[in-house]
1. How charged is the neighbourhood of Arg331? Take every other residue with its Cβ under 11 Å from the Cβ of Arg331, and add Lys/Arg as +1 and Asp/Glu as -1.
2. Quick one: Karplus J couplings for region 228-236, per residue in order, coefficients 6.51, -1.76, 1.60, θ = phi - 60°, nearest Hz, x for Gly and Pro?
3. Averaged per residue, what accessible surface does region 1-102 expose to a 1.4 Å probe, in Å²?
4. Percent relative contact order of region 1-102, based on C-alpha pairs within less than 8 angstrom and at least six residues apart?
5. Rounded to the nearest percent, how much of the accessible area of region 1-102 (1.4 Å probe, protein heavy atoms only) is carbon and sulfur?
6. ³J(HN,Hα) across region 288-304 via Karplus (A = 6.51, B = -1.76, C = 1.60, θ = phi - 60°), whole Hz, x for Gly/Pro?
7. Would you kindly calculate the mean projected area, averaged across all directions, of the convex hull enclosing the Cα atoms of region 360-421, in square nanometres?
8. Past 24 Å, Cα to Cα: identify those pairs from Lys214/Lys323; Lys221/Lys279; Lys214/Lys312; Lys466/Lys490; Lys145/Lys214, in the order given.
Amino acid sequence: MDLRSELLKSIWYAFTALDVEKSGKVSKSQLKVLSHNLYTVLGIPHDPAALEEHFRDDDDGPVSSQGYMPYLNKYILDKVVEGVFVKEDVDELCWTLTAKKNYRPVGDKVLPQKDAFRLWCLFVFLSEDKYPLVMIPDEVEYLLKKLCMAMSVELNGVELEDYLSQDLVQQNGFTVWVFLEMMNSGKLTRGISKEITSMAIEEVYREIVGDVLKEGYLWKKGQYRRNWTERWFTIKPQGLDYYTSEDRKDHKGSITLDSNCCVEVLPDRDGKRCMFCLKTLSKTFELSASDTKQRQEWTSAIQTAIRLQAEKKTSLHKDLKQKRREQREHRERRREAKEQELQHLRHLQEERERKMAELELLKEAQRQAQILLQQEEERRRRQHEELQQTLEEQLREAEEARASMQAEMALKEAEAERQRRRIKELEELQQRLEDALHQEVKARQDEEAYRYTQARLLAEEEEKMKALMALQEEQEECIQRAQREKQELKQEMEGKNRALDEAHRQLEEVRANRHRVDQDVVAAQRKLRQASTNVKHWNVQMNRLMSPIGPGEKRPSIGGFSSFRIPAQKDPALRLRQKGSEQDEESKENMAAEDEDNKRLSNGDMDVN
């Protein structure tokens, strides 16, 4: 994978992040900003008029990805010079654009933005060279194994298999956001602190993306002083860089590697152990590791860098990725060839089984033909015998059928007579059912009429209660007329027992309603009396305040109400309230008398019954 392909992967994420409506198009203003930033991070001279010139015929509307690619290749990627810019700055620019839109982690174990950015870079590096970018399961497993190895933990294959089965049902690989969601779930880093996880991600990032073959502390012997100093060494395919400490801020020197360099193991001396030397054409560098294992790892890493230089390769992991891809393609070809071979064998087996089945069918058909021939001869013989027996039986059956037909005719006549009687009974039953239905309908209508009458009576009773104040003067006359009618009602009581029971039940309901109304009237009267008292009090106060005070007179005190004269003129509202109170009292007395009469009437009815 060349530099252009690496840059296009990152820029693809930036372009799709600007495509808010997911239509494959981005506005020209946003493309101008993106192009300006790419000019800056790639170290290319700015050409602001190039975009307008390139799209001068497309002034309206956004620009599609197909329309932006020629401009990107011609004015940006064709001018890129390796070594002039920092690849990490380009990745950080594209990550910033795409993370604002797509990366929204949730939960307690969310990775820091720096770690998420490094995982995104690792994903972009290991993803397939097809768009939209995905990472196949083999590469996901390879990356997770690297991370777990850096954290000194074992990869949980069961949980990884669950993730693969969940996400790859409809896709051919992991998207970067699904991969980051899996890392943010915390299942792979369960029980591991965020610091260890961040260190592991940084280590894998520097190894794969930064092409760091190995880094760590080594003792180096000086070229002039010949003293031993501990330095932090970083091996890349281009050479070795060493710093004062692991923060890599104070760069002390570099060792360029080529095919003429070699590494040798040295015996222990000068109080140093696990020594080795790196020989170049001009100098020999003596180094010392902490133990034998470290010395072996350092020498192997240096030899790997020398091999890559000899093979004109700039990255170990790009080479390993290409080899893994070739191995997968080889396995895929072998699997397809094996499947084709198995399919061919299955086809031959099916053909052989088909021919054997046809042969068996032919043999079976021959046997069936012989059996059918024998059966046909036997059938003809039996048919002749059965025909003769059938004719004799038909003669006997004809005689029996004639006799049975006569008996059956008699039975049919009797059955017809029974059916006629049953039809007549059914018609009578239908007539009775219709009469019962009419009676039921009439009963329902009567019931509805009674209910309507009951509702009307209740409404009339309410109206009578409302008109009670107007009929107080006639109540005495009604009571006397009721007493006279009482004697007449006693004579008619025997024929109206049912009506009396119903009227008694309705009367109880009316009494209950009247009792509630009486309580409301009493409460209203009590409030009226309180209001009347308040009105009298405030009238006294008003009259006292309205009386003029002459010279030398004293204003009477509040307690001197006994000597203060109230005008004889009364308030009309007060007179109305008093009159209403007298009418209420009279209404109560009349209602009590009516209750007493009703009780006496009920007792008389009971005596009659």
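The values are calculated or read from the model by the stated rules, or taken from the named source; none is laboratory data. Computed from a predicted model, the values in this text were never measured in an experiment. When we count neighbours, we look across all protein chains shown, and the Cβ atoms used for this are built from the backbone with ideal geometry, even at glycine. Note: areas computed on protein heavy atoms with side chains; ligands, DNA, RNA excluded. Shrake-Rupley method; radii C 1.70, N 1.55, O 1.52, S 1.80 Å.
1. Numbers: positive: Arg324, Arg325, Arg328, Arg333, Arg334, Arg335, Lys338; negative: Asp138, Glu326, Glu329, Glu332, Glu336.
Here the count lands on +2.
2. Calculated HN-Hα couplings, in order: 9, 9, 7, 10, 9, 9, 10, 9, 10 Hz.
3. For region 1-102, the per-residue accessible area is 52 Å².
4. Numbers: 77 pairs, mean separation 45.8, N = 102.
Result for region 1-102 is 45 percent.
5. Numbers: 2790 of 5330 Å².
With neighbouring chains kept in place, the figure for region 1-102 is 52 percent.
6. Rounded to whole hertz, the list is 9, 9, 6, 8, 5, 4, 5, 4, 5, 5, 5, 5, 5, 5, 5, 5, 5.
7. Numbers: hull surface 33.1 nm².
Mean shadow area of the hull around the Cα atoms is 8.3 nm².
8. Among Lys214/Lys323; Lys221/Lys279; Lys214/Lys312; Lys466/Lys490; Lys145/Lys214, the Cα-Cα distance tops 24 Å for Lys466/Lys490.
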